[in-house]
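> One structure coming up, written as structure tokens, with questions to follow.
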There are 2 protein chains.
Amino acid sequence: MMTSPRWVDALTQALSFPENEYENTYQLATVDAESMPHVRTFMHREILHPDGFPNLPVLLTTTDVRTPKVTQIYCHPFTELAWWMSGSQDQFRVFGSVRIVTSPRTLCQAETYEEGLLALSKFQEQDYDWERKRLEIFDSISSDRKAGWCTPLPGSVMHSYEDAKKWPQTVPRLGEAQSEEDKRNQERALDNFALVLIEPTEVDWTQLGVNPWRRTRFTRNDGEWIEEIIVAS
Amino acid sequence: MMTSPRWVDALTQALSFPENEYENTYQLATVDAESMPHVRTFMHREILHPDGFPNLPVLLTTTDVRTPKVTQIYCHPFTELAWWMSGSQDQFRVFGSVRIVTSPRTLCQAETYEEGLLALSKFQEQDYDWERKRLEIFDSISSDRKAGWCTPLPGSVMHSYEDAKKWPQTVPRLGEAQSEEDKRNQERALDNFALVLIEPTEVDWTQLGVNPWRRTRFTRNDGEWIEEIIVAS
């Protein structure tokens with residue numbers, strides 16, 4: 001009987017603490033084509049696993065396909081993220097593979113996951129409907145945040161901060177477009193909106209809120225999680 | 001007349017906001033010998049600059065020389081850090097070169113900084129006393145945190161969390177050792193304690209706490225900072 005690794009329970013529990021109420025973001029690192037490190041803040045969305053395989057968790061977050069991190073991930077599909085919860089003084093570092101799930105209208109769809117990607121290839125085997133999940137997550141995001149995927153190219157130069165006032169300010173939920181403009185914006189936002197899937201293979205959990213500090217390393221080995229107590233630093 | 005880049009003032013001001021009281025940490029990304037990304041939380045210590053050159057700021061943080069990030073930095077001395085201040089909803093991403101300043105007792109001292117490292121080579125030209133700064137920062141850290149540099153090798157496997165109770169629990173301030181054991185622990189901690197110097201060449205500041213969002217890119221060009229308004233994402 002496969003069970004959820006203890007780090008998933010620990011992470012979920014830590015997130016539920018009132019003192020960690022605003023700790024739903026983490027910093028995700030990638031490497032560019034020149035081997036330069038990059039890192040930026042992501043909003044945590046969900047942890048999910050293939051049906052019947054709680055031992056194969058996947059972290060889900062979201063992005064705009066037009067940002068450099070997406071190119072970096074396509075070229076070098078590995079990541080580490082650091083999730084510091086200052087309320088409880090817990091740090092979770094998660095290392096693993098990372099994949100992008102875009103709109104079916106873009107070119108980069110229908111990837112076949114290699115065998116080492118135990119979780120993602122299991123989802124594929126089970127015909128998991130990523131497009132349905134993408135639409136569900138899209139709709140769970142506020143209408144003004146959704147408008148962020150209707151901007152000109154992220155990172156391109158603007159004349160003034162005020163220029164942003166001319167861009168769409170809200171994008172309605174699916175099925176709730178009131179005008180042609182709403183529909184166009186929705187379509188554009190959906191084209192740019194992508195899921196980011198992180199399949200962890202190693203997790204390093206440091207607890208600085210206890211005395212003495214505790215640090216635990218979880219390593220996935222053939223779908224089983226090995227747990228070791230290690231020296232904190 | 002050289003002036004401090006606007007991002008330093010913005011960062012310093014954001015840090016002074018009461019809502020950012022606990023936001024004195026950031027996530028620093030490095031790349032290992034296999035080009036894999038890594039990231040972990042650091043505590044911000046100081047921003048300093050060479051005498052007369054406020055345009056050449058350096059971020060200072062600290063580490064244990066025995067950790068893998070130090071090896072990663074020696075092999076590939078570039079970094080990006082992401083500093084998310086959830087109180088004011090500001091993100092500062094800082095890309096640049098990174099160097100380690102260890103104890104003079106270790107082998108890795110007396111580095112000559114190449115010309116591209118404008119700030120660090122200027123400090124060197126001015127005979128800046130990094131060892132004095134290292135001791136000053138060491139002493140500014142609490143006695144139980146200092147004991148963290150007297151542990152067995154960080155990341156090595158332990159039998160039980162309780163083992164940590166047998167290790168030194170406090171390391172006194174310099175000049176305040178009461179016993180031979182205190183002195184030994186102080187020496188050991190000082191041998192393992194290192195400064196991390198980040199010389200920024202690009203900074204990306206996103207303000208999500210204003211409407212519309214603002215994003216500004218600062219690029220250092222020959223010691224001058226170019227500022228551009230760019231599209232947020």
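The values are calculated or read from the model by the stated rules, or taken from the named source; none is laboratory data. Just so we're clear, the structure is a prediction, and the values are computed from it rather than from any experiment. Using ideal geometry, Cβ is built from the backbone for each residue, glycine included, and neighbour counts are taken over all protein chains shown. Side chains included, ligands, DNA and RNA excluded: accessible areas come from the protein's heavy atoms. Shrake-Rupley method; radii C 1.70, N 1.55, O 1.52, S 1.80 Å.
> Over chain A, with a Gaussian network built from C-alpha contacts below 10 Å, which listed residue (A:Thr201, A:Thr61, A:Thr41) shows the highest mean-square fluctuation?
Judging by the Gaussian network model, the answer is A:Thr41.
> At 222 nm, what helix-only mean residue ellipticity would the protein assembly as shown give, in deg cm²/dmol to the nearest 500, using -39500 (n - 2.57) for each DSSP H run of four or more? Intermediate results must be reported in sequence, preceding the final value.
Values: 12 runs with 110 residues, N = 466.
Result for the protein assembly as shown: -6500 deg cm²/dmol, rounded to the nearest 500.
> Taking A:Gln169 in one copy and the same position in all the others, each labelled 7 Å out along Cα→Cβ, what are the pairwise distances from the first, in nm, shortest first?
Ordered by distance, the counterparts are at 5.9 nm.
> Okay, moving on. Nearest 20 debye, what's the magnitude of the dipole of the protein assembly as shown about its Cα centre given +1 on Lys and Arg Cβ and -1 on Asp and Glu Cβ? The partial results should precede the final answer.
Values: 48 positive and 72 negative charges, 56 e Å.
Dipole about the Cα centre, nearest 20: 260 debye.
> Taking beta carbons within 10 Å but only from partner chains, what does the mean come to for residues B:12-21? Spell out each step's value before the answer.
Working: counts 0, 0, 0, 0, 0, 0, 0, 0, 0, 0.
Across B:12-21, the average partner-chain Cβ count within 10 Å equals 0.
> A further question follows. Could you point to the residue in B:Phe123, B:Tyr113, B:Trp167 farthest towards the positive end of region B:82-233's charge dipole, with +1 and -1 charges on the Cβ of Lys/Arg and Asp/Glu respectively?
Toward the positive end, the furthest listed residue is B:Trp167.
> Put a label point 7 Å from Cα along the Cβ direction on A:Glu46, then list its distances to the equivalent points in the other copies in nm, shortest first.
Distances between equivalent label points, in nm: 4.9.
> Label-to-label distances across copies for B:Ala33, with labels 7 Å out along Cα→Cβ, in nm, shortest first?
Output for B:Ala33: 2.8 nm, nearest copy listed first.
> Counting only other chains, and only Cβ atoms inside 10 Å, what mean value do you get across the residues of B:40-47? Don't jump to the answer; show the numbers that get you there.
Numbers: counts 10, 9, 2, 0, 0, 0, 0, 0.
Whole-number average of other-chain Cβ neighbours for B:40-47 is 3.
> Something else: Rounded to the nearest 20 debye, what is the charge dipole size of region A:132-199 about its Cα centre when +1 sits on each Lys and Arg Cβ and -1 on each Asp and Glu Cβ?
Values: 11 positive and 12 negative charges, 19 e Å.
I would put it at about 100 debye.
> Find which of B:Leu153, B:Leu60, B:Ala29 sits farthest along the positive direction of the dipole of chain B, computed with +1 on the beta-carbon of Lys and Arg, -1 on that of Asp and Glu, about the Cα centre.
B:Leu153
> Okay, next question. Once you have a ≥ b ≥ c as the square roots of the Cα gyration tensor eigenvalues for region A:1-152, tell me rounded if a/c is under 1.5, and otherwise prolate or oblate according to whether a/b is larger than b/c.
On the way: a/c = 1.33, a/b = 1.11, b/c = 1.20.
Judged from the Cα gyration tensor, region A:1-152 comes out rounded (a/c under 1.5).
> Does the protein assembly as shown come out rounded, prolate or oblate, given a ≥ b ≥ c as the square roots of the eigenvalues of its C-alpha gyration tensor, rounded meaning a/c under 1.5 and, failing that, prolate meaning a/b above b/c?
Verdict is oblate for the protein assembly as shown.
> Which of A:Met43, A:Val8, B:Pro18 sits closest to the plus end of the dipole of the protein assembly as shown, meaning its Cα is farthest towards the positive end, when Lys and Arg get +1 and Asp and Glu get -1 on the C-beta?
Among A:Met43, A:Val8, B:Pro18, the one farthest towards the positive end of the dipole of the protein assembly as shown is B:Pro18.
> How many percent of the accessible area of chain A is carbon or sulfur, using a 1.4 Å probe? Walk me through the intermediate numbers first.
Numbers: 5300 of 10790 Å².
Answer for chain A is 49 percent, counting heavy atoms of protein chains only.
> Let me ask something else. Who wins for biggest fluctuation among A:Arg134, A:Arg214, A:Arg45 in a Gaussian network model of chain A, springs between alpha carbons below 10 Å?
A:Arg214
> Oh, and also: Determine the per residue accessible area of region A:1-99 with all protein chains present and a 1.4 angstrom probe, expressed in square angstrom.
On the way: 3730 Å² over 99 residues.
Dividing the accessible area of region A:1-99 by its residue count gives 38 Å².
> If you build a Gaussian network model of chain A, linking Cα atoms that sit under 10 Å apart, which residue out of A:Gln186, A:Gln89, A:Gln178 swings the most?
A:Gln178
> Still on this structure, please answer the following. Eight or more residues apart or on different chains, and alpha-carbon atoms under 24 Å: count the Lys pairs in region B:35-174 matching that.
Values: B:Lys69/B:Lys133; B:Lys69/B:Lys146; B:Lys122/B:Lys133; B:Lys133/B:Lys146; B:Lys146/B:Lys165; B:Lys146/B:Lys166.
Lysine pairs, 8 or more places apart or on different chains, close enough: 6.
> Within 10 Å of each Cβ of A:31-37, how many other protein chain Cβ atoms are there on average? Don't jump to the answer; show the numbers that get you there.
On the way: counts 9, 3, 0, 1, 5, 8, 18.
For this peptide, the per-residue mean of nearby foreign Cβ atoms is 6.
> Tell me, what is the percent relative contact order of chain B, built from C-alpha pairs under 8 Å that lie six or more residues apart?
Details: 402 pairs, mean separation 53.4, N = 233.
For chain B, the relative contact order is 23 percent.
> Treating only the Cβ of Lys, Arg, Asp and Glu as charged (+1, +1, -1, -1), what charge dipole size does region A:1-132 show about its Cα centre? Round to the nearest 20 debye. Intermediate results must be reported in sequence, preceding the final value.
Working: 10 positive and 18 negative charges, 47 e Å.
About 220 debye.
> Turning to a different aspect of this structure: Would you check the accessible area of A:Asp32, probe 1.4 Å, heavy atoms only, in square angstrom rounded to 10?
30 Å²
> In addition: Loop only per DSSP, at most 11 neighbouring Cβ atoms within 10 Å: give me the chymotrypsin sites (Phe, Trp or Tyr not before Pro) in region A:1-43, ordered by residue number. Please list the in-between numbers first.
Details: sites: A:Trp7, A:Tyr22, A:Tyr26, A:Phe42; in loops: A:Tyr22.
Answer by residue number: A:Tyr22.
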